[in-house]
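Accompanying notes for the structure given below.
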Amino acid sequence: MQANLNMRKELMVGIIVLMTAGTIVLSSVASAQALTKENRMTGYQSETAGSNGIVFSGKTVYVDDDNTNGPWDGSLEHPYRYLQDGVNASKSGDTVFVFRGTYSCKNITINRKSIQLLGENQNTTFFYGYISISHAHGFRISGLTFRSYPVNVNWEECLYISSCVRFTITNDTFEIVGPQKTEVFAILISKSSGWVISHNMFRNVGNGLADWIEAVTVFNYRIEDNTFVQKISDYGIVVGLSAGGTIRGNRLFSKLASQADTGINVGTSVFINISNNYINFTRAGITVGGNPFLTRKILVMNNTLINCRDGGIALISTSDSVVTKNYVTGGSESILLLFLCERNLIYKNAFENTDDPLYGSVMIEAGSCLNRVIANQISGNVYGVRIVPTVPDYPQPLNRFHLNNFERNYKDAIDYYLSLWYKPTGVFRGVGNYWDDYTGVDNNGDGIGDTPYTIPGLERKDRYPLMKPVDINNVTECDAEVSALMRMMSQRATAYDVAFMTLLGSILFHSMLKPLALRTMSLRLNAVSQESCSRQSVTARN
């Protein structure tokens, strides 16, 4: 009897020991999991301090799709399973941290809420759907991969932003996965200012037609250091009705030669800096154009454009702008001035190897006048310069050329538009261009040919042809003018710019004279109004 009692006591003690050990083990596992998650968040904690001048000092709400059984309270130990729940539980100033996994919802709406949405890693944290953000003053999205979601049978998108101020989208990936003939928008922005899109990857892994970044009625913005892998008829960056913008250091290229549509397209805008971008194998490289009285003070500088089939740089109805230090090679033309381009400076560029006999490497037509083409290297083209008439009997020379090098072109120039091919007054007066097929002599040794060089067309004359190529790097004639425009680019858009462009946008919208960006915004609103979140109701638009 006593032996059985002792055995029962020993058994109870063993059970208690096992239960205690199990509790300790489970507690240790939970602690280890929490510690592991904390370690996985390394590098992101410091980012919650601020973004674009906005401080996110609130709580952190966690989301993890691995937590399938609950409980769910948004804590590190019990994160929400769905991203929408995390967003709903957050308040302005909070951070929503999303652990690696795959999350899906048709439409997540963030309205009047300034939060920070952080993914653990853009290579392992995927969101399949689209997010709408409106009337938010300061937010940040980073560390996510967005995969386009069908709004309707012909429409997909990732992110839509309207009427927001001071936000940042950085270190994200946007993937287009739509079928053929589907139009897909990665980021759509309207009526917003003070924003930054930087260090993101955009790539088309489907067969849809991608518009990567499209923005209209926007001010004081930066689109910097993004990479776009394009194909089909993709548009890279499209901006219209804007002021005080910088588009810099982006890389846009196509997997298939001459397949992508446009690299950078800037519509009616003022004070825009387009610099240090690399564009390869798009149909059009950089296009600037809009209203001839409103599209002005654009700086296109230090860009590299290779094999842009229909042209490298195009100015359309643009005035008082500068194109300088760009390298453009291949395609039908290096630079086009079209439809009333006036008082622009084309300075110290390299325009090479265009191959279309119908165009010139420098092509000027349709009433474009009073432009200056100075100190450019124009070489290896079918036509170096081609100028087409549209304003007969104009009383003054319309465009001016000097200190340019024309080398190894099939035809150096043809001019039907009364251009002036030398500088008659001021600094460098009495100086023309270098023509490698000039056969004249320089008997007095002053470096200028003794007989004029004749340009075919209207038989215009370069009265001071140079005997040796110009050292373009040492030309300083217009450096001060370029520096002055660069200083303007560093200033924010004025209240006048903002008010005027906003008013213009409203007039264009309501008169149905919408550019591409306004058209797509309208279509998008119509499509989204017919959709609701597939999982639960979301905050209504304001």
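The values are calculated or read from the model by the stated rules, or taken from the named source; none is laboratory data. Since the structure is predicted, the reported quantities are computational estimates derived from the model, not experimental observations. Cβ sites come from the backbone with ideal geometry, for glycine too, and all protein chains shown count toward neighbours.
Here are some notes:
- Odd one out for residue 140, checked against (1) buried (at least 23 other Cβ atoms within 10 Å of the Cβ); (2) at pLDDT below 90; (3) among the charged types (D, E, K, R): (2)
- Residues satisfying the stated conditions in segment 424-450, i.e. without any contact (Cβ under 8 Å) to a residue 24 or more places away in the chain and closer than 26 Å to residue 352 by Cβ: 439, 447, 448, 449
- Among the residues of segment 440-457, just one is closer than 19 Å to residue 379 by Cβ and loosely packed, with under 14 Cβ neighbours inside 10 Å, namely 456.
- Pairing residues of segment 49-70 that are farther than 27 Å from residue 136 by Cα with residues that are surrounded by fewer than 15 Cβ atoms within 10 Å (Cβ to Cβ) and modelled with pLDDT of 95 or more, at Cβ distances under 9 Å and at least 6 apart in sequence or on separate chains, gives 67/78; 70/78.
- Test: residue in segment 408-416 that is on the phi > 0 side of the Ramachandran plot, assigned to a loop (DSSP other than H, G, I, E, B) and of a type in the set (Lys, Arg): yes
- Strands (runs of 3 or more DSSP E) contained entirely in segment 96-148, each with at least 2 residues that are among the β-branched types (Val, Ile, Thr) and in contact (Cβ under 8 Å) with a residue 60 or more places away in the chain: 101-111
- Any hit, segment 78-92, residues being over 22 Å from residue 132 (Cα atoms) and at pLDDT 95 or above: yes
- Residues (at pLDDT 90 or above and either under 15 Å from residue 387 (Cβ atoms) or among the polar types (S, T, N, Q) (or both)) located in segment 342-359: 342, 344, 346, 349, 351, 353, 354
- Residues of segment 353-387 satisfying the condition of being more than 20 Å from residue 435 (Cβ to Cβ) and of a type in the set (D, E, K, R): 355, 356, 365
- The residue that is modelled with the lowest pLDDT, counting only those in segment 221-253 that are among the polar types (S, T, N, Q) and surrounded by 24 or more Cβ atoms within 10 Å (Cβ to Cβ), is 230.
- Condition met for residue 104 (modelled with pLDDT under 90 and surrounded by 24 or more Cβ atoms within 10 Å (Cβ to Cβ)): no
- Failed condition for residue 321, given (1) under 20 Å from residue 198 (Cα atoms); (2) at pLDDT 95 or above; (3) of a type outside the set (A, V, I, L, M): (1)
- Residue match in segment 451-461 (condition: part of a strand (DSSP E or B), touching a residue at least 40 places away in the same chain (Cβ under 8 Å) and farther than 20 Å from residue 346 by Cβ): yes
- Of all the residues in segment 288-323, those that are under 19 Å from residue 217 (Cβ atoms) and in a strand (DSSP E or B) number 5.
- Qualifying residue in segment 467-475 (condition: surrounded by 12 or more Cβ atoms within 10 Å (Cβ to Cβ), assigned to a loop (DSSP other than H, G, I, E, B) and basic (Lys, Arg)): no
- Criterion: in contact (Cβ under 8 Å) with a residue 40 or more places away in the chain and either farther than 19 Å from residue 267 by Cα or buried (at least 24 other Cβ atoms within 10 Å of the Cβ) (or both) - qualifying residue of 364, 298: 364
- Members of segment 322-340 found to be among the hydrophobic types (A, V, I, L, M, F, W, C) and within 14 Å of residue 286 (Cβ to Cβ), listed by number: 322, 323, 328, 335, 336, 337, 338
- Exclusive hit being surrounded by fewer than 19 Cβ atoms within 10 Å (Cβ to Cβ) and either of a type in the set (Gly, Ala, Ser) or under 28 Å from residue 424 (Cβ atoms) (or both), set 358, 403, 336, 370: 370
- Residue ID - modelled with the lowest pLDDT, chosen from residues in segment 200-220 that are over 25 Å from residue 163 (Cβ atoms) and part of a loop (DSSP other than H, G, I, E, B): 208
- The single condition among (1) in contact (Cβ under 8 Å) with a residue 12 or more places away in the chain; (2) more than 22 Å from residue 407 (Cα to Cα); (3) of a type outside the set (Gly, Ala, Ser); (4) in a loop (DSSP other than H, G, I, E, B) that residue 488 does not meet is (4).
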